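Some notes on the structure that comes next.
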Amino acid sequence: MKITRYLLAPALALLLTIQAGAQSKSFSFGKWVEIHNAILSELNLSYVDSLPVDRIERAAVDAMLSSLDPYTVYVPAEELETFNMSIGKAYGGIGAIIYKPDKDGNVIINEPYEGSPASRSGLTCGDEILTIDGVSTHGLTSSECSEKMRGKPGTTVTFLVKKLRSGQTTEVKVTRERIHLPDVEYAGILDDGKTGYILQTGFTEGVGEAIKQAYIALKKQGMETLILDLRGNGGGLLGEAINIVSLFVPRGSVVVTSRGHGTEETVFKTTKDPIDTVIPIKVLVDSGSASASEIVSGALQDYDRATILGHRTFGKGLVQSIRELPYGGELKLTTAKYYTPSGRCVQAIDYSSRNEDGSVRFIPDSLTHEFKTAHGRTVRDGGGVTPDDTLSAYKYSRLTYSLVMNGIVEDYTLKYVREHPSIPAVDDFHFTEYDDFVEFAAGREFDYRSSAKTYFDQMKKELREDGLADEMSDEIAALEKALNMEKEAFLRLKKDEIIPFIEEEIAVRYYFQKAGIKVRIRYDRQLAEAMKKPFITY
């Protein structure tokens with residue numbers, strides 16, 4: 001009897017604790033619903049001005065959800081199209097990137113997509129849109145113009161266009177279509193003639209099949225090894241990550257396990273026959289590789305199926321689900337954490353535990369755990385996917401960032417296109433008119449200071465605040481003279497760094513987006529380094 005009593009007592013205590021916890025949670029939830037409704041009712045009855053219910057409720061919902069994690073968000077009905085485009089990379093429109101350097105000026109067609117309605121209708125880079133369906137573009141923002149261009153596939157939008165080269169004004173009618181931006185932006189054989197390269201930038205519906213078709217095409221071209229580039233890929237659909245892993249590991253292999261409330265667990269396995277279980281694979285990752293990218297790279301690493309190269313990934317080990325809400329809205333909420341085949345979770349931030357200032361906490365390395373790959377190599381959890389080997393990081397100068405962010409490279413590209421009816425094929429094209437660019441950029445207003453000069457300017461300010469500027473005036477003057485560099489001289493100093501950006505932008509305007517990627521590959525130092533790295537061996 002004593003044995004029974006000792007066994008039942010803990011069980012009974014646990015049951016009472018669970019019931020008390022459930023009751024406490026239910027009471028707390030009900031209490032705050034009641035308080036919220038009471039506050040809203042009192043505001044509606046007694047607030048001194050008319051109550052902007054929609055605005056304050058939206059702010060309240062957004063604030064509530066933001067206190068949980070960045071991925072749990074409310075999407076009202078009127079924002080669903082934009083939201084669906086962000087996760088599906090699809091929208092109804094004409095298929096072109098626009099540029100509006102001046103709010104009171106015209107919209108400029110910057111990059112029409114290959115095969116898009118815009119391209120088929122004869123719109124080219126540099127064409128200026130004066131009106132959209134009879135409405136002047138003057139005074140409209142770029143986003144407002146973009147909104148007018150979008151619409152239901154099958155509908156027509158009419159533009160009044162000033163053509164780039166002829167200068168003539170003409171009416172152009174374009175029938176909108178469903179525009180889907182491809183996740184596989186490029187697939188080709190690299191210069192060694194045997195390395196296949198696939199650049200994947202998202203995980204929207206169908207990308208697994210796109211990777212498969214790209215693989216088949218590359219294999220026919222003599223591919224012997226494969227590089228899958230997931231750098232900067234922020235992820236997407238879990239199912240597509242599973243489909244990609246399915247291509248390279250045996251059927252029935254565990255890809256990922258999700259764990260939600262309590263002990264609820266779902267195991268996701270490959271359900272299709274692989275296309276190739278032996279081809280050597282390298283996967284490129286960086287700090288921008290997140291979510292589904294980490295599922296793919298983590299699973300292939302755990303099975304020792306691929307060599308992971310680059311830098312530690314973002315560390316997003318959370319799963320989101322979509323729930324429908326009243327009045328057409330949706331709630332995207334975090335419902336689970338995911339775990340790679342070895343059992344590790346790559347989540348790097350603990351959103352449930354915050355510092356005193358409200359900031360979220362990173363999981364320290366001391367709290368991470370060791371796991372083993374299929375062949376016994378050690379991998380760790382809690383901080384993204386750590387690559388098997390690192391690649392050298394290249395840091396661009398402040399000048400180059402300033403040229404790009406201030407639209408100077410973009411503006412020069414439009415000038416170049418206006419002056420050059422054609423350029424050689426992309427493989428033969430090299431930008432050789434850098435003196436012309438220097439003259440163009442030197443005449444524009446932008447912050448061209450070096451990083452050292454910006455630090456120096458800040459130091460001067462602090463020296464003045466500390467009362468030390470007069471005492472150190474000679475030293476300050478000497479250092480300032482050394483750091484000051486004329487704009488043209490600095491542009492010439494960074495020539496080799498700037499030319500690839502110009503070359504890529506120009507190539508895109510004549511031969512569409514894939515041409516730009518080919519130019520980017522030409523100068524990609526990390527990719528060149530990755531090709532020389534050995535595959536993991538056992």
Selection over segment 230-266 where residues are touching a Ser or Thr at 6+ places or on another chain (Cβ under 9 Å) and exposed (fewer than 14 other Cβ atoms within 10 Å of the Cβ) yields a count of 7
In segment 157-174, what residues are under 29 Å from A90 (Cβ atoms) and either open to solvent by less than 70 Å² (accessible area, probe 1.4 Å) or part of a helix (DSSP H, G or I) (or both)? V157, T158, F159, L160, V161, L164, V172, V174
Of all residues in segment 500-524 being free of Cβ contacts under 8 Å to residues at least 60 places away in the same chain, assigned to a helix (DSSP H, G or I) and within 20 Å of the chain's Cα centre (by Cα), the one that is surrounded by the fewest Cβ atoms within 10 Å (Cβ to Cβ): R520
Look at segment 106-153 and say how many of its residues are more than 27 Å from E79 (Cα to Cα) and touching a His at 6+ places or on another chain (Cβ under 8 Å). 0
Does E177 count as of a type in the set (D, E), surrounded by 15 or more Cβ atoms within 10 Å (Cβ to Cβ) and within 30 Å of D286 (Cβ to Cβ)? no
Conditions first: (1) part of a loop (DSSP other than H, G, I, E, B); (2) out of contact with any Phe, Trp or Tyr (no Cβ under 7 Å at 6 or more places or on another chain). D276 passes all but one, so which condition is the exception? (2)
Do we have any residue at all in segment 36-57 that's under 16 Å from E330 (Cα atoms), at pLDDT 90 or above and within 30 Å of the chain's Cα centre (by Cα)? yes
Can you tell me which residues in segment 203-253 are in a loop (DSSP other than H, G, I, E, B), within 16 Å of V283 (Cα to Cα) and either hydroxyl-bearing (S, T, Y) or in contact with a Gly (Cβ under 7 Å, 6 or more places away or on another chain) (or both)? M223, R231, G232, N233, G234
Which one is modelled with the lowest pLDDT, of the residues in segment 424-477 that are open to solvent by less than 60 Å² (accessible area, probe 1.4 Å) and basic (K, R)? K453
Quick one: what pairs do we get from segment 138-151, first residue within 24 Å of H180 (Cβ to Cβ) and open to solvent by less than 80 Å² (accessible area, probe 1.4 Å), second part of a loop (DSSP other than H, G, I, E, B) and of a type outside the set (G, A, S), C-beta under 6 Å, 6+ apart or different chains? S142/K100; C145/T137; M149/I94; G151/R176
Qualifying position, being over 23 Å from R418 (Cβ atoms) and buried (at least 21 other Cβ atoms within 10 Å of the Cβ), among I227, I189: I227
Need the failing condition index for F431 against (1) outside any helix (DSSP H, G or I); (2) without any contact (Cβ under 8 Å) to a residue 60 or more places away in the chain, just the number. (2)
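The values are calculated or read from the model by the stated rules, or taken from the named source; none is laboratory data. Since we're looking at a predicted model, the values are computed, not measured. Cβ atoms come from the backbone with ideal geometry, glycine included; neighbour counts cover every protein chain shown. Just so you know, the surface numbers come from the protein's heavy atoms only, side chains and all, with ligands and any DNA or RNA stripped out. Shrake-Rupley method; radii C 1.70, N 1.55, O 1.52, S 1.80 Å.
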